[in-house]
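The values are calculated or read from the model by the stated rules, or taken from the named source; none is laboratory data. Just so it is clear, the structure is predicted and the values come from calculations on it, not from any experiment. Please note: Cβ atoms are built from the backbone with ideal geometry, for glycine as well, and neighbour counts cover all protein chains shown. Keep in mind that these areas ignore ligands, DNA and RNA; they rest on the heavy atoms of the full protein, side chains included. Shrake-Rupley method; radii C 1.70, N 1.55, O 1.52, S 1.80 Å.
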Amino acid sequence: MLFKQQALLRQKLFVLGSLAIGSLLYLVARVGSLNRLQPICPIESRLGPPHLPEQIPLRTLQYKRGLLHELRKGNATKEQIRLHNLVQQLPRAIIIGVRKGGTRALLEMLNLHPAVVKASQEIHFFDNDQNYARGIDWYREKMPFSFPHQITIEKSPAYFITEEVPERIFKMNSSIKLLIIVREPTTRAVSDYTQVLEGKERKNKTYHKFEKLAIDGNTCEVNTKYKAVRTSIYTKHLERWLKYFPVEQFHIVDGDRLITDPLPELQLVERFLKLPSRISQYNLYFNATRGFYCLRFNIVFNKCLAGSKGRIHPEVDPSVVAKLRSFFHPFNQKFYQITGRTFNWP
């Protein structure tokens with residue numbers, strides 16, 4: 001009887017011991033597995049340093065395009081605007097001119113940069129007395145919605161040649177960045193004429209030949225009263241701006257080069273605006289059918305400028321071209337001297 005009780009006790013002890021060892025082994029295994037499940041980096045480090053100001057990731061192009069496009073169409077709700085901290089900002093840079101220098105192309109190409117938001121239409125706030133009388137809040141409401149860290153840019157090429165504009169912009173923001181895109185002056189004047197001519201023809205109206213407008217019939221000299229000629233005297237207009245802004249606040253863009261090799265010009269503008277370099281050759285592709293560069297925002301969204309861009313210019317009497325180039329030459333030399341940028345203009 002005693003032998004059976006001892007055997008039963010040993011059996012119970014063996015079972016209890018086995019359970020204890022099994023539990024111990026389970027716990028060891030469990031702890032090991034928990035250690036292996038721990039994240040490689042602490043949560044705080046994965047979320048980034050605390051208390052940093054919120055930044056807009058510069059590569060969120062697709063999201064930016066989508067949301068801001070909805071805002072432009074008026075489809076976004078007030079809740080979306082509030083939730084994403086979107087604002088209508090006054091421009092921190094303005095393309096002030098020149099007409100037919102490539103202002104639209106420059107604006108659209110700069111809009112490739114994720115930190116840039118463009119005003120789609122020319123606002124004509126500073127050159128139009130009626131608009132200017134509506135006040136700065138009216139002007140702000142014409143701006144697109146943007147994230148706080150983005151730069152809003154507008155373009156109105158009439159600003160460059162309108163006498164009241166420099167003082168008006170100075171009163172709004174004396175440190176604003178000013179972009180001027182220029183082309184060879186005679187080519188620009190002919191392009192200006194071509195746009196007006198096309199408008200007249202569309203309305204079945206007649207129009208003088210370029211030569212008759214550009215040359216005074218009485219003196220046979222260049223007609224400086226003709227607006228297309230006057231606009232191309234860049235230095236005269238720039239001198240008026242320099243009464244309010246230092247030359248360091250201007251950046252001159254080569255409009256002829258922007259047509260043939262846009263990337264270097266855009267990279268110079270990025271630096272002038274103190275933007276990180278984001279526009280690359282990927283964003284620009286040559287369209288042989290259109291004859292100029294088009295824009296690639298991402299793998300699904302491409303854009304070419306309107307069909308009105310790249311109009312064929314009428315042939316101009318070579319003697320008139322030579323007279324205009326001779327007329328513009330001293331003004332061009334002064335423009336080079338003031339801006340510190342030299343162009344290969346005749």
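Total residues in segment 263-284 satisfying the condition of being part of a loop (DSSP other than H, G, I, E, B), closer than 11 Å to L110 by Cβ and either open to solvent by less than 20 Å² (accessible area, probe 1.4 Å) or free of Cβ contacts under 8 Å to residues at least 60 places away in the same chain (or both): the figure is 2. For segment 126-158, the tally of residues that are within 24 Å of H237 (Cα to Cα), in contact (Cβ under 8 Å) with a residue 40 or more places away in the chain and not hydroxyl-bearing (S, T, Y) stands at 6. If we keep just the residues of segment 250-262 that are in a helix (DSSP H, G or I) and in contact with a Phe, Trp or Tyr (Cβ under 7 Å, 6 or more places away or on another chain), which is farthest from A93 (Cα to Cα)? Filtering segment 250-262 for residues that are in a helix (DSSP H, G or I) and in contact with a Phe, Trp or Tyr (Cβ under 7 Å, 6 or more places away or on another chain), the one farthest from A93 (Cα to Cα) comes out as I259.
Just the residues that are more than 23 Å from P264 (Cα to Cα), in contact with a helix residue (DSSP H, G or I) (Cβ under 6 Å, 6 or more places away or on another chain) and of a type in the set (V, I, T), please, taken from segment 154-189. Correct list: I161, V165, T186. The one condition from (1) within 16 Å of the chain's Cα centre (by Cα); (2) open to solvent by 40 Å² or more (accessible area, probe 1.4 Å); (3) under 16 Å from V182 (Cβ atoms) that G97 does not meet is (2).
Being open to solvent by 30 Å² or more (accessible area, probe 1.4 Å) and assigned to a strand (DSSP E or B) is the filter here, so list the residues in segment 285-295 that pass it. Full working, then the answer.
The initial filter retains those residues of segment 285-295 that are open to solvent by 30 Å² or more (accessible area, probe 1.4 Å), namely 285-291, 293.
Passing the criteria: Y285, F286, N287, Y293.
Within segment 196-220, the set of residues being out of contact with any Phe, Trp or Tyr (no Cβ under 8 Å at 6 or more places or on another chain), at pLDDT 95 or above and either part of a helix (DSSP H, G or I) or of a type in the set (D, E) (or both) comprises E211, K212, D216. Which residues, taken from segment 255-290, are of a type outside the set (G, A, S) and over 24 Å from T152 (Cα atoms)? Matches in segment 255-290: D256, R257, T260, D261, Y285, F286, N287, T289, R290.
Any idea which of F147, F125 is of a type in the set (F, W, Y), under 19 Å from the mean Cα position of the chain (by Cα) and either open to solvent by less than 40 Å² (accessible area, probe 1.4 Å) or modelled with pLDDT of 95 or more (or both)? Spell out the reasoning first.
Numbers: F125 fails: under 19 Å from the mean Cα position of the chain (by Cα).
One residue alone meets the criteria, F147.
Counting only residues that are in a helix (DSSP H, G or I) and within 15 Å of R168 (Cα to Cα), which one in segment 239-248 is least open to solvent (accessible area, probe 1.4 Å)?
The first filter runs over segment 239-248 and keeps only residues in a helix (DSSP H, G or I), leaving 239-241, 247-248.
Filter again for within 15 Å of R168 (Cα to Cα), leaving 240-241.
Working: R240: 48, W241: 0 Å².
Among them, the one singled out is W241.
Within segment 221-238, can you find the residues that are assigned to a loop (DSSP other than H, G, I, E, B) and under 30 Å from L110 (Cα atoms)?
Once the filter is applied, which keeps residues that are assigned to a loop (DSSP other than H, G, I, E, B) and under 30 Å from L110 (Cα atoms), segment 221-238 yields S232, I233.
Quick one: is I252 touching a Ser or Thr at 6+ places or on another chain (Cβ under 8 Å) and at negative phi? Yes: the conditions hold for I252.
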